[in-house]
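Asker: Below is a structure I'd like to ask you about.
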Amino acid sequence: MKKSLSKGTKVSPESSLPAISYYSNDVKNSSSSALGFGEHKGEKKSVFRRVVEWIKNFLLSIRLLLVVFLVVIVLVVLMLTWFIGNDSGTSAVSSLNRKLKNEFLGDLKLYLYSQFSPHVKLLEIYKNLMISNNYNFYSPIDRAHMYKDMYSSLKGIDCISFSGLGDNTGYNAVGAQNVYDFGNGQDPGVYELVGHDAKFYTYNVSGQNFIPSLTLYADNTNTDYWRQMNVSNPKPTWSAISVNTLSETEPLFFIAYATPIWRKKEFYYAWSSILFGSMLNQYLITKPFTKNSITLLLDADTGYIIGTSSNLAPSFMKTSAGFVRTTPLNANATFVADGYRALLKNYPVLKNINESISITTTSGGSLIDVDMDSYTYSKDVGGMNWKILLFTPQDDVLGDINIRFRNGLIISLSIMVFGAVLVFSFGLLITFPLKSLEKEIDNIARLEFSKIKTKKSRSILTEVSAIQKSVDRMKFGLRSFNKYVPSTLVKALLESSTEATLGVGEIEVTIMFTDIENFTTICEALDPQAMVNQLCEYLERTTSCIVRNEGTVDKFIGDAIMAFWNAPFPVENHAYKACKAGMEMIAALDSLFEMWSKRNSPLLKTRIGIHTGRALIGNVGTYDRMNYTALGDSVNIASRLEGINKNYGTYICVSSATYACVKDKLFCTPMDSVNVKGKTVAVNIYEVISFNEIVPEQEKLVSSLYQEALDHYERKSYDECLGFIRKIESQDERAYRIKPLKEKCLEILRNN
């Protein structure tokens, strides 16, 4: 199918564009009238007049009136929403803080104090017994009196597990305990330590006496409380937390309170201890803050959990090696681990923080409040640096706020609907002045320009006046388009507010021609409607590639497309973008092949020719019917290159001029040097293969052979050229591309 512009072709309406030139250096006649447009005449106004007009337009603006009205409504809605939301939020948050600080944490601290204060009181009793009775620590008789008195003092204080008195050697001690009955049915009783022998006695209730039960090896000097007392200036203190593994279930925590005793300048010490864990956990479980919150008691010195309100964050994990202690990071509750991780991010060393802190973080898309408070028994007693951690999902505590906010939102929406009705009613009062424009716009839509009034009064309302001016611009634009063929609006022409006239300018462009392979044969085998439908699919895909790469679709010539780049608007790297569009066309059609194959439709393959050169661009035709198009040798060369594809079995053929512009980005294989019809100078042609970054190695190899063959051909070394052609035929799977060059060489050699 020939597409030379010298033979008349149909011009698609969509390709009719105004001849606006952006190339003053390239255009032979740079005046706008030479390119097809009249001069735009504007009225020159003084600065004062422009300011006065702007103020008048602003004050009479419908937009201002509507904006003021809407702003008032929105402000009212926002104020109501803010008051409702603020009241709900303040009330709920204040309630949360009161519960958290004053009730929950206060109750927990009181509970802890109730469990540990008996230790301090008991040791004061022991201290008074030691001093007032003047017991001889090393007398068996006095020792018996001592542990009987100690047993009597300890009896009934269940929160104390062990208690005792010891001397400054660490190897002599007596005490009472509430833990072990040794399976003999007696009450736990007392014990005494002499050297490394710890003798335990249970209390026989019926006989009112102590019965020896067990003797164990013990080294009291290895205990934490002994080491805290065995210093130069001992003070009352709590020991570090230890783990007692004698429990039948999971291990228990062990902590001791120790205080020094001075009698007649002789040093003694007293201690009491408690096995806790399940007791503390049970309290936390029965006293939840909210239904999903988790409370943890943390040993700040080690970071381990020592108390928990949930099995999702246990104090111990059972492994194959036994029980191991855990931190909040080991919690099965994700929001606890995430919350603790966020807390450590803000406060890396928790043990050095004594004040209460609160942060909010996210876990699984939900907001989590993390609160931490410190607990120690007393400022006067060392040890026990514990932290209370509370992890609370905000959904637990903000339920009331959400309900109130929803109610506020409903009220706000109601007000907004009422406001919208008012605005709509107010708008109806404004639309009446616009009725006069309705008939005019209707006449313009039908292109009945003779019915449009030439002179008409302007509205005093800014927006209505602006619409009238826009209608006038639309009228000028559509009148110009009516001199072409029926077409869509072009922004450049509408903005000029002038009519199009004949005129062209010479600029450098990249021109593309496409044609469907064997389309005539395909049409003969297809139902006309099916053929048209498939052709529309083809054109939709291919033209979108052109537009996406900033090309201008000039016209559709049956199944062929003519497009160009760099007009009417400048396009940077226009040759590259044209080639890229061609490559995208091939890829786009590949995606259509599968659909066409499924419905047994023929595969429409396109051949593409691209050339870069100077051409005449502008409005061509008659005064009443124009076409914005490209003319000249460059157009003919691009058209011939498209047709040449058939001879070489290729699909994208470009000229040497285009190749020179794209060779840094695209890999092209040289094909031949051909004489284009109407040109005396041969044109080197190339096939576009791919981007330089992804060229197949085999194509690089054969491309160099093609170049060698072409070089020898141009130097008239035809035998050498045939030698390289034979190499190509042995190495290139697509050696049919070299067939035309081979035939020319053989023809020349036969004639010579």
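The values are calculated or read from the model by the stated rules, or taken from the named source; none is laboratory data. These numbers were taken from a predicted model, which means no experiment stands behind them. Here the Cβ positions follow ideal geometry from the backbone for every residue, glycine too, while neighbour counts run over all protein chains shown. These accessible areas exclude ligands, DNA and RNA; they are computed on the full protein's heavy atoms, side chains included. Shrake-Rupley method; radii C 1.70, N 1.55, O 1.52, S 1.80 Å.
Asker: Which of the residues that make up the range 145-197 are farther than 22 Å from PHE267 by Cα, among the small types (Gly, Ala, Ser) and in contact (Cβ under 8 Å) with a residue 60 or more places away in the chain?
Answerer: SER161
Asker: Is there any pair linking a residue in the range 515-528 that is closer than 21 Å to LEU641 by Cα and part of a helix (DSSP H, G or I) to one that is open to solvent by less than 40 Å² (accessible area, probe 1.4 Å) and of a type outside the set (Lys, Arg), with Cβ under 8 Å and at least six apart or on different chains, and which?
Answerer: What qualifies is PHE519/ASP559; PHE519/LEU604.
Asker: What are the residues in the range 590-616 that are within 46 Å of the chain's Cα centre (by Cα) and assigned to a strand (DSSP E or B), if any?
Answerer: Let us first name the residues in the range 590-616 that are within 46 Å of the chain's Cα centre (by Cα), namely 590-613.
THR606, ARG607, ILE608, GLY609, ILE610, HIS611, THR612, GLY613, listed by residue number.
Asker: In this structure, does LYS345 turn out to be free of Cβ contacts under 8 Å to residues at least 40 places away in the same chain and in a helix (DSSP H, G or I)?
Answerer: Answer is yes for this residue.
Asker: So is LEU108 at pLDDT below 85, closer than 24 Å to ASN281 by Cα and open to solvent by less than 50 Å² (accessible area, probe 1.4 Å) or not?
Answerer: Taking the combined requirement at face value, the residue does not satisfy it.
Asker: Can you confirm whether PRO570 is assigned to a loop (DSSP other than H, G, I, E, B) and open to solvent by less than 50 Å² (accessible area, probe 1.4 Å)?
Answerer: When the stated conditions are applied, PRO570 does not pass them.
Asker: Restricting to the range 581-617, count the residues that are surrounded by fewer than 20 Cβ atoms within 10 Å (Cβ to Cβ) and either within 22 Å of THR521 (Cβ to Cβ) or out of contact with any strand residue (DSSP E or B) (no Cβ under 8 Å at 6 or more places or on another chain) (or both).
Answerer: Counting residues in the range 581-617 that are surrounded by fewer than 20 Cβ atoms within 10 Å (Cβ to Cβ) and either within 22 Å of THR521 (Cβ to Cβ) or out of contact with any strand residue (DSSP E or B) (no Cβ under 8 Å at 6 or more places or on another chain) (or both) gives 19.
Asker: Here's something else I'd like to know. Tell me, which residue of the range 473-530 that is farther than 30 Å from ALA575 by Cβ and open to solvent by less than 10 Å² (accessible area, probe 1.4 Å) is modelled with the highest pLDDT?
Answerer: Looking at residues that are farther than 30 Å from ALA575 by Cβ and open to solvent by less than 10 Å² (accessible area, probe 1.4 Å), I get GLY477.
Asker: So how many residues does the range 111-136 have that are among the small types (Gly, Ala, Ser) and either surrounded by 21 or more Cβ atoms within 10 Å (Cβ to Cβ) or over 60 Å from the mean Cα position of the chain (by Cα) (or both)?
Answerer: Counting residues in the range 111-136 that are among the small types (Gly, Ala, Ser) and either surrounded by 21 or more Cβ atoms within 10 Å (Cβ to Cβ) or over 60 Å from the mean Cα position of the chain (by Cα) (or both) gives 1.
Asker: Does any residue of the range 276-297 turn out to be in contact with a Lys or Arg (Cβ under 6 Å, 6 or more places away or on another chain) and over 17 Å from TYR113 (Cα atoms)?
Answerer: no
Asker: Given (1) open to solvent by 20 Å² or more (accessible area, probe 1.4 Å); (2) assigned to a helix (DSSP H, G or I); (3) among the aliphatic types (A, V, I, L, M), where does VAL620 come up short, assuming only one miss?
Answerer: Single failed check for VAL620: (2).
Asker: Please name all residue pairs, on different chains or six or more residues apart, with Cβ atoms under 9 Å, provided the first residue is in the range 735-752 and is aromatic (Phe, Trp, Tyr) and the second residue is surrounded by 18 or more Cβ atoms within 10 Å (Cβ to Cβ).
Answerer: Close Cβ pairs (under 9 Å, with a partner that is surrounded by 18 or more Cβ atoms within 10 Å (Cβ to Cβ)) amount to TYR736/TYR648.
Asker: So, one more: Which of the numbered conditions does MET626 fail, given that it passes all the others? Conditions: (1) over 43 Å from the mean Cα position of the chain (by Cα); (2) more than 19 Å from SER655 (Cα to Cα); (3) open to solvent by 10 Å² or more (accessible area, probe 1.4 Å).
Answerer: Only one criterion in (1) over 43 Å from the mean Cα position of the chain (by Cα); (2) more than 19 Å from SER655 (Cα to Cα); (3) open to solvent by 10 Å² or more (accessible area, probe 1.4 Å) is unmet by MET626, namely (3).
Asker: If you scan the range 263-292, which residues turn out to be among the aliphatic types (A, V, I, L, M), open to solvent by less than 10 Å² (accessible area, probe 1.4 Å) and under 15 Å from SER315 (Cα atoms)? Let's see the steps before the verdict.
Answerer: So the first thing to find is which residues in the range 263-292 are among the aliphatic types (A, V, I, L, M), and the list is 270, 274-275, 279-280, 284-285.
Applying the additional criterion that residues be open to solvent by less than 10 Å² (accessible area, probe 1.4 Å) yields 270, 274, 280, 284.
Selection gives LEU280, LEU284.
Asker: Tell me whether the range 233-241 contains one or more residues that are assigned to a strand (DSSP E or B), of a type outside the set (Phe, Trp, Tyr) and under 26 Å from SER152 (Cα atoms).
Answerer: We begin by selecting, within the range 233-241, every residue assigned to a strand (DSSP E or B); these are 237-238.
Checking the rest, the ones that are also of a type outside the set (Phe, Trp, Tyr) come to 237.
So of that shortlist, the ones also under 26 Å from SER152 (Cα atoms) come out as 237.
Yes; the residues of the range 233-241 include at least one that is assigned to a strand (DSSP E or B), of a type outside the set (Phe, Trp, Tyr) and under 26 Å from SER152 (Cα atoms).
Asker: Against the condition open to solvent by 40 Å² or more (accessible area, probe 1.4 Å) and β-branched (Val, Ile, Thr), how does THR308 come out, does it pass?
Answerer: So THR308 does not fit the description; no.
Conditions (1) touching a residue at least 60 places away in the same chain (Cβ under 8 Å); (2) out of contact with any Leu (no Cβ under 7 Å at 6 or more places or on another chain), marked per residue:
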| site | (1), (2) |
| --- | --- |
| MET595 | no, yes |
| LYS598 | no, yes |
| SER601 | yes, yes |
| GLY609 | yes, no |
| ILE617 | yes, yes |
| VAL620 | yes, no |
| LEU631 | yes, no |
| VAL635 | yes, no |
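Asker: Here is a follow-up. Quick check on this structure: which one of GLY303, GLY339 is at pLDDT 90 or above and crowded, with 17+ Cβ neighbours inside 10 Å? Steps first, please.
Answerer: Values: GLY303 fails: at pLDDT 90 or above.
Matching residue, one of GLY303, GLY339: GLY339.
Asker: Can you name every residue in the range 137-172 that is aliphatic (A, V, I, L, M), surrounded by fewer than 18 Cβ atoms within 10 Å (Cβ to Cβ) and part of a loop (DSSP other than H, G, I, E, B)?
Answerer: Passing the criteria: only ILE157.
Asker: Every residue in the range 663-719 that is touching a residue at least 40 places away in the same chain (Cβ under 8 Å), polar (S, T, N, Q) and crowded, with 18+ Cβ neighbours inside 10 Å, please.
Answerer: THR669
Asker: Okay, next question. What are the residues in the range 672-686 that are outside any strand (DSSP E or B), under 21 Å from GLN707 (Cβ atoms) and not β-branched (Val, Ile, Thr), if any?
Answerer: Hits for the range 672-686 are ASN675, ALA682.
Asker: How many residues does the range 369-409 hold that are aromatic (Phe, Trp, Tyr), open to solvent by 20 Å² or more (accessible area, probe 1.4 Å) and modelled with pLDDT of 80 or more?
Answerer: Total satisfying the criteria: 1.
Asker: Please specify each residue of the range 639-655 satisfying the condition of being within 46 Å of the chain's Cα centre (by Cα) and either open to solvent by 10 Å² or more (accessible area, probe 1.4 Å) or of a type in the set (A, V, I, L, M, F, W, C) (or both).
Answerer: TYR651, ILE652, CYS653, VAL654
Asker: Of the conditions (1) in contact with a Pro (Cβ under 8 Å, 6 or more places away or on another chain); (2) at pLDDT 65 or above, SER470 fails just one. Which one is it?
Answerer: Tallying (1) in contact with a Pro (Cβ under 8 Å, 6 or more places away or on another chain); (2) at pLDDT 65 or above, SER470 fails exactly one: (1).
Asker: For the range 247-258, indicate whether the set of residues that are outside any strand (DSSP E or B), touching a Leu at 6+ places or on another chain (Cβ under 7 Å) and either of a type outside the set (Ser, Thr, Tyr) or open to solvent by less than 20 Å² (accessible area, probe 1.4 Å) (or both) is non-empty.
Answerer: Checked the range 247-258: no residue is outside any strand (DSSP E or B), touching a Leu at 6+ places or on another chain (Cβ under 7 Å) and either of a type outside the set (Ser, Thr, Tyr) or open to solvent by less than 20 Å² (accessible area, probe 1.4 Å) (or both).
Asker: So is ARG750 within 29 Å of MET585 (Cβ to Cβ) and of a type in the set (D, E, K, R) or not? Steps first, please.
Answerer: Details: within 29 Å of MET585 (Cβ to Cβ): no; of a type in the set (D, E, K, R): yes.
Taking the combined requirement at face value, the residue does not satisfy it.
Asker: Residues being more than 29 Å from ILE305 (Cβ to Cβ), open to solvent by less than 70 Å² (accessible area, probe 1.4 Å) and of a type in the set (Val, Ile, Thr): count how many of those fall in the range 205-246.
Answerer: 2
Asker: Can you tell me which residue among SER232, SER247 is at pLDDT below 85 and closer than 19 Å to VAL179 by Cβ? Steps first, answer last, please.
Answerer: Values: SER232 fails: closer than 19 Å to VAL179 by Cβ.
None of the other options fit; the residue is SER247.
Asker: Now, a different point. Got a number for residues in the range 541-567 being aliphatic (A, V, I, L, M), open to solvent by less than 40 Å² (accessible area, probe 1.4 Å) and either part of a helix (DSSP H, G or I) or more than 13 Å from THR514 (Cβ to Cβ) (or both)?
Answerer: Of all residues in the range 541-567, those aliphatic (A, V, I, L, M) come to 546-547, 553, 557, 560-563, 567.
With open to solvent by less than 40 Å² (accessible area, probe 1.4 Å) added as a condition, the list becomes 546, 553, 557, 560-563, 567.
Narrowing further to those that are either part of a helix (DSSP H, G or I) or more than 13 Å from THR514 (Cβ to Cβ) (or both): 546, 567.
Qualifying residue count, the range 541-567: 2.
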